[in-house]
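Every read-out reported here was derived from the displayed coordinates using simple, explicitly stated rules and does not represent laboratory data. Given the structure is predicted, the values throughout are model-derived calculations rather than measurements. Ideal geometry is used to build each Cβ from the backbone, glycine not excepted, and the neighbour counts take in all protein chains shown.
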Amino acid sequence: MYWGGHIGSLELRTEGGETRLRAIFPYGRETVLAEAGAMGRERREVIAPRAFADRIERDEDVHFLSGHDFNRPLASRSAGTLFLSETDEALTVEARIGADMNQVSYVRDFLSAHAAGLVRGLSPGFRVQPGGEKVEEREGAILRTINAADLIEISAVTKPAYPQAQIEARNWQPIGEVVSRLTHRPAALRWR
């Protein structure tokens, strides 16, 4: 599963003991995942509009988590507390955290961290569908475009950009012409 986040925003409101969260994950924004350096060229990624449409339209379960941790769920579609909608511009996430969940320690931790301004980002956890990505060379960098992916979860996170710490979770396989260019480079310059 890959994790990634773009510049998104989280908005929380509390009404009658229930906390309502609204967040937006914009599509079509290119993100630098790794700077150019000793290991090769800069690597970028963009999630295309409606890349997550398949699971969303089939109304499959998706979880809203704190920090990509399935042991810290905040809401889910199957529980009737997570609502997802999308346009060509963005995926919109709306979650309800009931008053009873406010008694759970990690929920209190999440709400306190958000109130302190420490957790403001949004980051999806997804699996790319077969044939759902395009990897190409552009402007001296490698660009991966996610066109179709299974959205498994979406998380509230501290740092919403694809952090370099996540790069080891990625195993990209360039295709076509990019492969031929990359495979003729020294091993140290190829992707892992």
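Some points to look at:
- Nitroxide proxy distance, nm - points 7 Å out along Cα→Cβ at Arg13 and Asp109: 2.9 nm
- With a Förster radius of 41 Å applied to the C-beta separation of Asn102 and Lys134, the computed FRET efficiency comes to 0.40.
- The P(r) of region 4-138 has a tail past 23 Å containing 39 percent of all C-alpha pairs.
- Tail weight of P(r) past 14 Å, computed on alpha-carbon pairs of region 36-107, percent: 69 percent
- Based on the reciprocal of the average 1/r between different C-alpha atoms, the Kirkwood radius for region 79-164 equals 15.6 Å.
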